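Since every read-out is calculated from the coordinates, none of them should be taken as a lab result. Treat the numbers as computed from the prediction; the structure is a model and nothing was measured. Every residue, glycine as well, gets a Cβ built from its backbone with ideal geometry; the counts of neighbours run over all protein chains shown.
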């Protein structure tokens, strides 16, 4: 077995370890009413499995690094997977500080979602273009990812806090948004399912179209085209014609993917609602009933305190050093840079609001979730839609 | 009362300094696009370049005399138009202490020689092989002319092609007294 | 301004919420609180105390955290707006009209609006700079206003605090010792807290244990770092503080380096390498045939001889030989030269053969260096070719005269005079690429094109930034302050032994109550102290019970 196969298998093991870990942690909470010691044991097993998963993924990271000859953070697949790994790492770190298992109930599934999302992108090892061949770049990306994942723990804590504090039985604005976040997670699952399904079918539809500059180009869809590119013409036989054609300024292929994901995600969600007949937040509420709100709130705050300096160092300081080495200018207003600055400003506002305006508890939890949304936006949207120097894949 | 006054003064100074800093920064950004050029009255950067015969011409050797410094290239259409007029005026002024120094921008000796022969130029023509003089004089579009007074100061000339009358009056203006 | 006198006799500055000396709550607001608001230790925030003159009003505006956070949020939103479409400096067109067209063509009506609103050059707009400037003022004013009184107050802390202060802390305990002799309790606490690396002070029956007071300075230190950083950014705009030039240099050329007076660069060769991997899925999707591996310019850096004037390239001193690659700029004397761009295969030389038209017989060949052609090429006895005229970038005829568009050999054309034993007086021919020669009469000989040699052109950028050290200092101070403020917390424990031997205890930390409680657990067990309670958690639980009863 070659190194890259070993690496792939380790990632596979990690992926399942996170799922099993989640199950055990959920089990430990369910059983809390009866045998307390047994519940604790389930929780401990959950953590151990999560740690095994983390070590296994670390193994994936290292073996892939050795195989590729550069740190595996150079494309969308590699970076997103690494983010999932650091998120689990941050969860383990916080666990050993506060011994709160329940955070794993949110952190591990998010890591699972991240890794599944990552595998939707090309997973091959790609050689590095010259501008990416820099140790500073590796240091920058890794530190930034660690910082972001620690900050993400505050969102995890925030979500746990809100799941407990927001009354799932009475309709409110807070409940609506909480459910919206959970619905969004289902949409991500929808994206993964759609991609896997059509990839499994080997679906391919080739089009020619006229781009922005009036030039004729080619594009291959891997899902049935809901939206066609500008003046597109289908070249493959026996596949679906696009339903609607889009103007040149819109990338109809990406739009198709997004709409497919929402379609499948929504069907899944409705199916769930039809079977279970209550919102997801109500389903999850009992799991977090025993949680000490103050402690979770403090964990949320503490992870921002820990993560913010790391993020500053990685996403701004090291980024500037790399930019200075590669381009001779430490700051270039590249969209990715700007969004790192926005993330930084946002968490700075969070800290000031919390310190001086006394925004704790719910307000703080919502802010943490918005902060995470900005991080995700920077990772997904800025990379895929707003192209810049950092546009991976 | 005394304390209150002191407080107001300190606060006023801090706010004032910060406001000035902001305004100054904005002013500087707004004007950063205007390229810094040699200003009127600056000392002309001295240089030495080699002409087609291999003689070295140094600007400071002309101290005490006016120099009509012209940057040009064979591909540049207005440069070609200026040359005959310059040659005629050179004949008028060379005994009155005003010289012409034509600086070609990094072309081959062959091209420059051909050009000089074609236009029968008698004033010195030097080649700026490394473009260093061109950079020091911040030459953008060709042709570009600078007047050097007998005291070695720069006199700015509007960029672009010059007519014979303009050349004449410009050379007149740097005649040593 | 009037002072507030406390029951204990201490005169506090106007606006103080908690007496500086004994800790009694002074303001009505503080008196009403079950748990005191301990921000800035209840000192008077300066701005809130005076509100008389216009200067005071402006000052107070900037001192407000609310204003500060609002400025952060506005900056955040403004920055985000600038990422919707590419900024102008990423658009590779020259004129304003072309830019306007670019936004319209690529992004439709929104693009047009974006351009017209000036959002396409947002980050160098005057209002964005004002925004950052205001943020800077806010940071300075707010820090001065809060930092100084807090520093004074923490420096002059009393050991003994009033009961009303102690009872209003988040963590409190009150009661008899759980075990043993209560006369030793304070000694035990002192011993344990010293073990935990607290600084302990005692005053009669009162004790104050304090740890990491310096952590309170963290925010002020990081704000100072930010200000220094912003100052560095500001200085960069001043003329002479930074160099940002670019140059194109062809293989074999020696050029003065723009912006770097007295230095010359020779381009020995430009290298482009690509990976020879099988195309990956990502490559195929994007239609990229080969991935670039290396862009490299091998150069020699020369320095003009001491005392030499401009243009004097005699006796240049070779100071460095280097291969400039992306990420590995040539650094010298504070300057850095970066590999930025390239053009491949510009014509360098052309080879022609002098041939007889009919027989095809060759009289020899000649190679013309396009950057330095010679007047005459001797091919043999009585056989030579003269170049009468050379047009490096032939752009057509104007009034019958060939023209050249630039000095670069993009499309070379020649007027040859071929002298052969048959035709010693010579035959003239105008030769250009891709066209049949134009001849004066009917020539017997012609110049046959044989081949070319090419060379590459490197695009380099020269940069120097004097403000970098300031930015580094600012950045380091900022990170240091951030670490101090984030990774250390100021913890305090107040203990009083009451006359009946009972213990009253209160604890405070600015962050991380979890760890404070851990410390308290240790000392509670060691000194047999009454169990402390967290008044905030207790309050929540009571609220919950209240809800349940309804």
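Rounded to the nearest Å, what's the spacing between the alpha carbon centres of the range C:71-127 and the range A:44-84? Just the number, please.
39 Å
Give the relative contact order (percent, whole number) for chain A; include only Cα pairs under 8 Å separated by 6+ residues.
It rounds to 18 percent for chain A.
Distance in nm between label sites at residue C:92 and residue C:163, each 7 Å beyond Cα in the beta-carbon direction?
In this crude label model, residue C:92 to residue C:163 measures out at 8.1 nm.
Calculated FRET efficiency, residue A:240 and residue A:215, Cβ-Cβ r, R0 25 Å, to nearest 0.05?
The formula returns an efficiency of 0.45 here.
I want to check the label-to-label distance for residue C:448 and residue B:172. Put each point 7 Å from Cα in the C-beta direction and report it in nm to one decimal.
6.3 nm
Could you please state, rounded to a whole Å, how far the C-alpha centre of the range C:6-68 is from the C-alpha centre of the range A:210-235?
Rounded to whole Å, the Cα centres lie 65 Å apart.
Please express the Cα-Cα pair-distance distribution P(r) of the range A:177-277 as a list of whole percents, one per 5 Å bin, running from 0 to the bin with the greatest distance.
Histogramming the range A:177-277 at 5 Å steps yields 3, 13, 20, 20, 15, 12, 9, 5, 3, 1, 0 percent.
In peptide A:125-133, how many Cβ atoms from other protein chains are near each Cβ within 10 Å, on average?
Averaged over the peptide's residues, the number is 6.
On a C-alpha basis, how far is the centre of the range B:129-177 from the centre of the range C:185-242 in Å? Whole number, if you could?
63 Å
Which FRET efficiency value, to the nearest 0.05, do you get for residue C:197 and residue C:74 by plugging their Cβ-Cβ distance into 1/(1 + (r/R0)^6) with R0 = 41 Å?
My answer for the efficiency is 0.45.
Counting just the Cα atoms, what span does the range A:283-393 cover along each of its three principal axes? Round to the nearest Å and put the largest first.
52, 33, 18
Take the Cβ-Cβ distance between residue B:118 and residue A:329 as r, set R0 to 60 Å, and report the resulting FRET efficiency rounded to the nearest 0.05.
Efficiency computed from Cβ-Cβ geometry: 0.80.
Starting from the Cα of residue C:386, step 7 Å toward the Cβ, then list every residue of the range C:427-454 with an amide N under 16 Å from that point.
Counting only backbone N, you get C:427-430, C:440.
Averaging sequence separations of C-alpha pairs under 8 Å and six or more residues apart, then dividing by the length of the range A:1-135, give the relative contact order as a whole percent.
29 percent
Just counting partner chain Cβ atoms within 10 Å, what average do the residues of peptide C:52-62 show around their Cβ?
Partner-chain Cβ atoms within 10 Å, mean over residues of C:52-62: 4.
Using the Kirkwood radius over C-alpha pairs as Rh, can you work out the diffusion coefficient of the range C:45-155 via Stokes-Einstein at 25 °C, viscosity 0.890 mPa s, in µm² per second?
Answer, rounded: 148 µm²/s.
Note the angle between two axes, namely the Cα long axis of helix C:218-236 and the longest principal axis of the Cα atoms of chain C, as a number of degrees from 0 to 90, rounded to the nearest 10.
20 degrees
Taking neighbour counts of Cβ atoms within 10 Å as a proxy for exposure, in what order, fewest first, do C:393, C:519 appear?
Least crowded to most crowded, the residues run C:393, C:519.
Evaluate the relative contact order of chain C (contact order divided by residue number), counting alpha-carbon pairs under 8 angstrom at least 6 apart; express in whole percent.
Relative contact order of chain C: 18 percent.
Per residue of C:253-263, how many C-beta atoms from partner chains lie within 10 Å of its own C-beta, taken as a mean?
Partner-chain Cβ atoms within 10 Å, mean over residues of C:253-263: 4.
Output the 0 to 90 degree angle, nearest 10, between the alpha-carbon long axis of helix A:335-356 and the longest principal axis computed from the alpha carbons of chain A.
Once rounded, one gets 20 degrees.
Among A:347, C:102, what is the fewest-to-most ranking by other Cβ atoms within 10 Å?
C:102, A:347
Kindly identify the range B:48-173 as rounded, prolate or oblate by the Cα gyration tensor criterion: order the square roots of the eigenvalues as a ≥ b ≥ c, call it rounded if a/c is under 1.5, otherwise compare a/b with b/c, prolate if a/b is larger, else oblate.
Rounded, since a/c falls under 1.5.
How do the peptides C:231-240, C:75-84, C:490-499 rank, highest first, by the average count of neighbouring beta carbon atoms within 10 Å per residue?
Descending mean neighbour count gives C:490-499, C:75-84, C:231-240.
Any chance you could give the angle, 0 to 90 degrees and rounded to 10, that helix C:513-526 forms with the longest Cα principal axis of chain C?
40 degrees
Can you give the calculated 222 nm mean residue ellipticity of chain B, where each DSSP H run of n ≥ 4 adds -39,500 (n - 2.57) and the sum is split over every residue, rounded to the nearest 500 deg cm²/dmol?
The per-residue figure over chain B is -13500 deg cm²/dmol.
Quick check: from the Cα gyration tensor, does the range A:89-234 come out rounded (a/c under 1.5), prolate or oblate?
oblate
For chain C, what does -39500 (n - 2.57) per DSSP helix run (n ≥ 4), summed and divided by total residues, give at 222 nm, in deg cm²/dmol to the nearest 500?
That comes out to -10500 deg cm²/dmol.
Relative to a virtual label point 7 Å from the Cα of residue A:2 in the Cα→beta-carbon direction, which members of the range A:57-89 show backbone nitrogen distances below 20 Å?
Residues A:59-75, A:77-78 qualify, since their backbone N sits under 20 Å from the label point.
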